[in-house]
Amino acid sequence: MPTTLISVKISMPKILITGENGQLGSELKALSNSYSQYECTFVDRNALDLSNLCKLEDYFDDKTFDVIINCAAYTAVDKAQNDNDLANTINHRAVSLLAKIAKKKNISLIHISTDYVFNGQNYQPYIETDPTDPQGVYGRTKRDGENAILLAALENSIIIRTSWVYSSFGANFVKTMLRLGKERDSLSVIFDQVGTPTYARDLAKTILDILPQIRNESPAIYHYSNEGVTSWYDFAREIFELSGINCNVNAITTKEYPLPAPRPHYSLLNKAKIKNDFGISIPYWKDSLKECIELLGEKK
């Protein structure tokens, strides 16, 4: 009896990724071709404006997704101090609406948050259950966005807090130091704020790798940064060392460089939970910085 071959088409998970042109969104887009098991749709603020809540809801009327990765945010930390309404709309109210839409349509939500939800006064790396205590508008609106997701009780959804993000895309500390280091003989950089840089490409890869493993009845919070610890001062020195830029770096205190929004003095995040739950390894911050600088063509 002849064998009958039956062709079964397995549908790929459809993923919507907001913040297409941001650092993390750009890294996800750059990696997406290597993850052919996913069908990714990227949107910027022109296609999906989180500040326009009516259009945000309308966007999903005729579209179907399995996962939303929300990389979009109001991230102008200092400007947010005087722009509370817009920051709150994008970081809180829009996130709350996304969570409600995800709940209604049975969509998983991966939301990116920040170390700024903490007050920066800890003495050991923050774990996910530590009390939040944001000190500025940016941190408060991001914390409120987190709470909205938790309140929505979404299944198969997570919040990832990260810190000190940089990338070969967009504006960030690494690219600013590379530019200023070539223009000036010396720079003053704060030494009394410590944390861990996060290469957005490492975070993007982690998100795409762990997606199939996300299974929970209510949203879970995870911390992710690269491994190790440094200060902004030492971060700048390493950037110049790896790129061969001869620029003297002077260490200054936070008080010597006042800004409108307070910065956490201590931003270390404990990554044990995400490593244990998903079996991932996380690169050391200097190794990832070297990769980024080589990609930018700045290696000495």
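For the stretch 124-225, the equivalent ellipsoid built from the Cα gyration tensor has semi-axes of 31, 18, 12 Å, listed from largest to smallest.
Taking the helices alone, the chain has a mean residue ellipticity at 222 nm of -10000 deg cm²/dmol, built from -39,500 (n - 2.57) per DSSP H run of at least 4 residues and averaged over all its residues.
In this label model, residue 171 and residue 256 are separated by 2.5 nm, measuring between points 7 Å along each Cα→Cβ vector. Extending 7 Å from the Cα toward the beta-carbon at both residue 78 and residue 121 defines two label points whose distance is 2.5 nm. Relative to the longest principal axis of the Cα atoms of the chain, the long axis of helix 173-183 makes an angle of roughly 40 degrees.
How tilted is helix 200-210 with respect to the longest principal axis of the chain? Cα atoms for both, answer in degrees (0 to 90, nearest 10). Between the helix axis and the principal axis of the chain, the angle is about 30 degrees. Hull volume per residue, based on the alpha-carbon atoms of the stretch 202-256 and their convex hull, is 126 Å³.
Across the stretch 150-300, counting alpha-carbon atoms alone, Rg and Dmax equal 17.2, 55 Å.
Amide H to amide H distances under 5 Å link residue 68 with 16, 108, 109, 110, where only residues 5 or more positions off or on other chains count and H is placed in the peptide plane. Relative to the dominant Cα principal axis of the chain, helix 137-152 is inclined by about 20°. Treating each Cα of the stretch 1-156 as an identical point scatterer and summing with the Debye formula, the log10 of I(q)/I(0) at q = 0.10, 0.11, 0.13 Å⁻¹ comes to -0.41, -0.49, -0.65.
Compute the orientation-averaged projected area for the chain from the convex hull of its Cα atoms and round it to one decimal in nm².
Values: hull surface 75.5 nm².
If I average the Cα hull's projected area over directions, I get 18.9 nm².
Here the Gaussian network model covers the chain, with springs between Cα atoms less than 10 Å apart; of 231, 188, 168, 188 fluctuates the most.
By the gyration tensor of its Cα atoms, with a ≥ b ≥ c the square roots of the eigenvalues, what is the shape of the stretch 212-300: rounded for a/c under 1.5, prolate for a/b over b/c, or oblate? Present the calculation step by step, with values, prior to reporting the outcome.
Values: a/c = 3.09, a/b = 1.49, b/c = 2.08.
Cα axes put the stretch 212-300 in the oblate bin.
Working value for the stretch 74-156: equivalent-ellipsoid semi-axes of 23, 18, 8 Å, each the square root of 5 times a Cα gyration tensor eigenvalue, largest first.
No value in this document is a laboratory result; all are computed from the given coordinates. Quantities reported herein were computed from a predicted structural model and do not represent experimental measurements. Cβ atoms come from the backbone with ideal geometry, glycine included; neighbour counts cover every protein chain shown.
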